[in-house]
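> Input: one structure, supplied below.
Here, each number is a calculation from the coordinates, and none is a lab measurement. Note that the coordinates shown come from a computational prediction; the quantities given were computed from them, not determined experimentally. With ideal geometry, Cβ positions are generated from the backbone for all residues, glycine too; neighbour counts draw on all protein chains shown.
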Amino acid sequence: MKTTVIFRKESNGDIVAFFPYDIATHIGDITCYAHIGQHSAASLDYYLSTKPASLLEAWNLFVELTNSVGYDLIIHTRINYRLYVNAYRHLFDLPLISKDNDRSIKTCNLK
């Protein structure tokens with residue numbers, strides 16, 4: 001099964017792999033992976049405090065995740081909020097939000 005991953009860089013240059021649709025805690029933290037510490041939970045605030053990493057920067061971590069850990073990865077560059085919310089709602093057997101029933105905020109032109 002393919003797993004979505006987003007590679008990000010901490011301010012000290014360390015690369016972290018975030019799995020945005022693998023909810024780690026009941027408060028909505030997501031799973032992450034780093035060379036040191038390996039798997040752990042990460043808040044969305046922590047995710048947002050990092051910057052995008054290029055595949056070249058993330059290559060060693062990508063190889064570790066695919067060869068040593070055994071992931072079959074799909075690399076994305078940002079979180080799809082609807083998919084994140086649906087992954088969270090799935091934990092509690094709540095109805096999922098479809099594309100046709102998207103409750104995202106719509107912009108309007110105020111005159």
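> Count the lysine pairs in the chain whose Cα atoms lie under 27 Å apart, taking only pairs 8 or more positions apart in sequence or on different chains.
Details: Lys2/Lys51; Lys2/Lys99; Lys9/Lys51; Lys51/Lys106.
Counting lysine pairs in the chain gives 4.
> Gain in length, Val69 to Ser40, computed as 0.36 nm per residue apart minus the alpha-carbon separation, to one decimal in nm?
Working: separation 29, 0.36 × 29 = 10.44 nm, distance 1.42 nm.
Between Val69 and Ser40, full extension yields 9.0 nm more.
> To continue, here is another question. Take every Cα pair under 8 Å in the chain that's 6+ residues apart, average their separations, divide by the length, and report that relative contact order as a whole percent.
Working: 146 pairs, mean separation 30.5, N = 111.
In percent, rounded to a whole number, it is 27.
> Hey, got the dipole for the chain? About the Cα centre, +1 on K and R Cβ, -1 on D and E Cβ, debye to the nearest 20? Intermediate values should be presented prior to the final figure.
Numbers: 11 positive and 11 negative charges, 124 e Å.
Its charge dipole is roughly 600 debye.
> Can you give me the long-range amide H partners of Ala24? Hydrogens built in the peptide plane at 1.01 Å from N, cutoff under 5 Å, separation of 5 or more residues or another chain.
Residues meeting the amide H criterion: Asp29, Ile30, Thr31.
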